Every structure is written in C-alpha cells, then in structure tokens.
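Taking it in order: structure first as structure tokens, then the write-up.
The values are calculated or read from the model by the stated rules, or taken from the named source; none is laboratory data. Just so it is clear, the structure is predicted and the values come from calculations on it, not from any experiment. Because the Cβ atoms are built from the backbone with ideal geometry, glycine has one as well, and the counts that use them run over all protein chains shown. Accessible surface areas use protein heavy atoms only, side chains included; no ligands, DNA or RNA. Shrake-Rupley method; radii C 1.70, N 1.55, O 1.52, S 1.80 Å.
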Amino acid sequence: MSDGTHRFFGHVIDGEECASADGRRFETVDPWRRAPWAEVALGGAADVDRAVAAARRAFDEGPWPRMGSAERGRLLHRFADLIEAHAEELAQADTTDMGKPITETRGKDVPRTAANFRFFADHARLTAAEALPSDTGHHVYTRYEPAGVVAAIAPWNFPLMMASWKVAPALAWGNTVVLKPAEQSPASATLLAKLAVEAGIPAGVLNVVHGFGGDGAGQALTEHPDVDRITFTGESATGRVISAAAARNLTPVSLELGGKGANLVFADADLDSAVEWSIKAIFTNAGQVCLAGSRIYVERPVYQEFLERLSKAAAALRLGAPGEESTQIGPLSSQEHYEKVRSYVELAESGEGRVVTGGLGDGWTVRPTVVADVPEDSRLVREEIFGPVVVVTPFDSEREAVELANGTPFGLNAMVFTENLHRAHRLSAALDVGTVWVNCFFVRDLRAPFGGVGDSGVGREGGTYSREFFTEPKAVVMRIAAAEAQA
Ligand code: TXE
C-alpha cells in the first residue's frame, strides 16, 4: 500500500527504529479482513549486517554483558513492567497480524511474555554459578559466560510470546540479540524492541530485522559468521536448512520444530476432563500450535462416547472475528497457510476419513474439524496440519496406544488421560517425546526442559537448559596448597 494511510513498522537497530537500507517495504495482511493493514521494512543482507554489527558492538564494548545479573535483572523487570503497561497495543498487533482471538493475546500471550522476562531475569541471578566441592585439594567452580550475539528466528503462531521465549533467556544471560520475526506477524517485534530501549536496556542489545526467510533476512542472519548462537522455531524442513547453515560456521543451534501430538484417552479417564482438555489441545489458536494434540487415540470401550462428546463440543466453539471477545477460533494466519490446511480438509472429505463435524468456513477460516476412520498411514495422521483438524482413532491395549503414539517422525509432546497412576508413570517413560502431560495440557513450568525428539527438534530450552545453550559454561579449578607447603 502506498496511499500513506497504513502504519509502518521498521527494523530496530542500535536502539533506533529505521527503514531498510534500500528503502524496500512489504505489506502485512490482516487474515480476518484479508487485506493489508500495515507496511513493514523489508530487510536484506545489508540490514542484517547492520544489526549484527550493532549487537556485536553492544556485546564487545557495551555494559550489558558486564553489568552483572542483578542490574540486568532490574532492567528486564522494568522491561516486563512496560510490556504489561502496553499490553493492549501488543495484543492488538498480534491479533491483527495473525488472526488469533484477542482473548488469547490479551489474556495469555502478553502476560506470558512479561512473565518470561521476569522468570529468566530471576533465574539467571539465582543460578549464576555452582561450586563443586572436592576433597582433592582443589576448589572447583563454574562460570556461565554469555555466548555473544544470538540470532533468534521466531514463528508466527505466538509472535510476541515465542519471541520472548528466545529473547528473555538470551538477554538475561548477558547476550545481545538480533530477532527476525516471522514475515506473517512482524508488528509486535518492533513494539517490543522499542519498549526495551524505553526500559533502559542499552542500544544494540535487542535488535529486530524484518523480512523473509530463505533468500531473505532469515537466511542472511543464520549464515552470518558473527553470530554465536541460533535459536529457531518453525517448520522441520526449515530447521534442517538452518542447521546446515549453522554447521558451516560451527554455530550452536537450538531447534524447536513441528509436532503431531498424540493424546491417549483410556477408558478409566475422567471423560469430562479429557474432552475439555482435548478440545483446548487441538482448537486453541485454531490448531496453529506445535504442541497441538492432533491425534487422539481412545480406548475402544469409550471411543464412541468420546467421539460424540468431542464432536459436539467442537461444533459449539464460536468461530468469528478475532477482535470480538466472544470469538474462540479465528481465521488461519495467512492465505498460504489457509491453502495448506484446506488441502488436508479436502483430503479428509475426499474419503480418506469420515468428517464427523467441521469443514471449510468463510474466508480463510476452517471450522473445528473432527475426522474419524482414518488409516494410520494417511497424511492426515502423519503430517503436521497446523490447523483445527483432529483425527480420532480407537485402540485396544496400552501397548498398541504407545506404538501408535510413537508412530510418527515427530516427538514433541504427548498427553495421557487415565486415573491409573501406574499406567501414567509407565507411559511417561515409554513415550518418545520431550513433554508428557498427564490429565492436563499446555501447563508450562519455565524451569522444565522444553523441546522435542526426532523431527520435532534438537536441544532443550527452559531454566538451566536455556543457560547451557545461551552461555559458554566455564570450569575454574584452583589448587589449595596444604598449610605445610605454604609455610
Ligand atoms: O514456517 P517456517 P512457515 C510449521 C507448521 C507450518 C509450517 C510452515 O506446520 O504449517 O511450519 O510455516 C524463517 N533461514 N510451523 O512457512 O518457514 C521465517 O521467515 C532462516 C511449526 O511459517 O519454518 C520465519 O521467521 N530463516 C511451528 C520462521 O523461519 C528462515 C511454528 C518460521 O518459518 C528460513 C511455525 C531460512 N532458510 C510453523 N526459512 C512450531 N514449531 O511451532 C524460513 N525462515
């Protein structure tokens, strides 16, 4: 749009919001109105170079890595205060950019963003070093030195929250950051970086470069030789590309990739609770969640009843304008993504399964869709749809349930609904995933490891796992001379 009526979101480099070196821009589209709502600086290699140079300077010469975790923590808490004070603007930005219901952005994403900064600020201060007592005449302790310049590549499904999940630990441990938000949801990153400056975080510590992935700012950033860590969340295929780029520079990389979460419901489960959580697990954020419980396996005696109750609850969800407080499901995040999800709905409708409820909606919406009678080798079961589409399948034994759950290349998370304590523990051990939720979903403890196995990722973040990734752990070994030797 060049009529000048749209808002502009620039890069934030060295503490200043700015245009691209070559002046190029792109439009960001509101997927509910299916129309552009703002213009964004379109970054390329020159902008990435500028941002990495600013982050490098702030790291090599600036106060941030040297000021100590208490002072950094104070500034990060002030940053969190400002995020809370600007909650409405941030929530509106994400809701407009990617169509997520305002109750989600306002009620969860923005508070969780502030909480991430508070948690990692405190955690870094409290876990800054360890003493390793020794009886060999040596005193051994650890130091966690900041790694340097961190490249953070964020996805569009939780734009602000996922950015903070990367930026908060990186900053808390004294690094400087260049954040590349997803091109579908760039606005909140600019707002975030400007709030960092307002909070008193020194210029160059948190930079934002907008643009596309392959052949764009994303690629330039992940290939940059002056980057010391890469943290990425997105598609598994992109993870492979980024991993190869990182390998060329020997840059450590943390990858949070896709998922195909299995949700196991046993006949002894509290069915009311299992239905309620299963609905949240697949339809929150229109299913655009890496952790989505997109495969539900139900023990045969309760299969029919569960399927009926789940389908009824799915059909009752309110689909509509993301800005309305009553809306529970908004549109898919972009036309391109809608086309992807549509292809899976059409596959189900073409006879690959039985659509119990749901189907395509108006515009770029997909109604909450429940599909039964799908063969296990179907793409509906094996591939990440990333939309409000769930496949429900019966099973006959605990062993079969585990085999089904472990039967895809992904391994991010699984859910188990059972009242049998022994089974819950057995399954928690047997499931090949990074997180198992028993009788719940989405409950996060920021101290816990978060990440996946197989195609779901490499590495873990959260608590001390983030510390290991965003620092260079160092061992200091000091000899303690015996008194006689000193005399
Ligand atoms: O992801 P991409 P897309 C899955 C989900 C979705 C699919 C495609 O199944 O349907 O991925 O989504 C940047 N070098 N998830 O295309 O391409 C890109 O600009 C450097 C799962 O949006 O992986 C954006 O900032 N960067 C998921 C980010 O990577 C590159 C969240 C994610 O984009 C790049 C999102 C490159 N070569 C999608 N190519 C999850 N795990 O939660 C792209 N990017």
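Averaged over its residues, the range 262-438 has an accessible area of 39 Å² per residue, based on protein heavy atoms and a 1.4 Å probe. Taking label points 7 Å from Cα along the Cα-to-Cβ direction, ASP81 and SER343 give a separation of 5.0 nm. In the chain, helical runs assigned H by DSSP with n ≥ 4 each contribute -39500 (n - 2.57); averaged across all residues and rounded to the nearest 500, the mean residue ellipticity at 222 nm is -11500 deg cm²/dmol.
With R₀ set to 22 Å, the beta-carbon distance separating ALA482 from ALA131 gives a calculated FRET efficiency near 0.65.
Looking at the range 45-85, which GluC sites (Glu not before Pro) are DSSP coil and have at most 13 other C-beta atoms within 10 Å of their C-beta?
GLU61
Computed in the context of the full set of protein chains, the accessible area of the range 262-438 at 1.4 Å probe radius has 47% of its extent on carbon or sulfur. Label positions at LYS280 and THR464, each projected 7 Å from the Cα along the C-beta direction, are separated by 2.9 nm. Averaging 1/r over every pair of different alpha carbons in the chain and inverting the result gives a Kirkwood radius of 23.4 Å.
Can you figure out the FRET efficiency of LYS474 with ARG382, using R₀ = 41 Å and their beta-carbon distance, to the nearest 0.05? Taking R0 as 41 Å, the efficiency between LYS474 and ARG382 is 0.40.
Between the residues SER343, ASN285, VAL391, the greatest Cα displacement towards the positive end of the dipole of the range 262-438, with unit charges on the Cβ of Lys, Arg, Asp and Glu, is found for ASN285. A 30 angstrom limit on the alpha carbon distance is what I want to check against. Which of LYS312/LYS340; LYS108/LYS260; LYS180/LYS312; LYS194/LYS260 exceed it? With Cα atoms farther than 30 Å apart: LYS180/LYS312; LYS194/LYS260. Once the C-beta distance of SER243 and VAL453 is scaled by a Förster radius of 22 Å, the resulting FRET efficiency is 0.90 to the nearest 0.05.
Peptide packing: for 434-447, 283-296, the average count of neighbouring Cβ atoms within 10 Å per residue gives the ranking 283-296, 434-447, highest mean first. Shape verdict for the range 3-134, please, from the Cα gyration tensor: rounded (a/c under 1.5), prolate (a/b greater than b/c) or oblate. Taking the square roots of the gyration eigenvalues as a ≥ b ≥ c, the range 3-134 is oblate.
List the GluC sites (Glu not before Pro) within the range 387-487 that fall in a DSSP loop (any state other than H, G, I, E or B) and whose Cβ has at most 16 other Cβ atoms within 10 Å. Those satisfying the criteria are GLU419.
In loop segments of the range 299-341 as defined by DSSP, the GluC sites (Glu not before Pro) with at most 10 further C-beta atoms inside 10 Å of their C-beta are GLU325.
Here's the picture: charge each Lys and Arg Cβ at +1 and each Asp and Glu Cβ at -1 in the chain, and of THR176, THR142, LEU431 the one pushed furthest to the positive end of that dipole is THR142.
In a reduced charge model with +1 at each Lys and Arg Cβ and -1 at each Asp and Glu Cβ, the range 262-438 shows a dipole moment near 160 debye about its Cα centre. The charge dipole of the chain, taken about its Cα centre with unit charges on the Cβ of Lys, Arg, Asp and Glu (plus for the first two, minus for the last two), comes to roughly 700 debye. Farthest towards the positive end of the charge dipole of the chain, among the residues VAL402, PRO111, ALA54, is the Cα of ALA54, using unit charges on the Cβ of Lys, Arg, Asp and Glu. Take the Cα of THR103, go 7 Å toward its beta carbon, and the backbone nitrogen atoms of the range 337-378 under 17 Å from that spot belong to 368.
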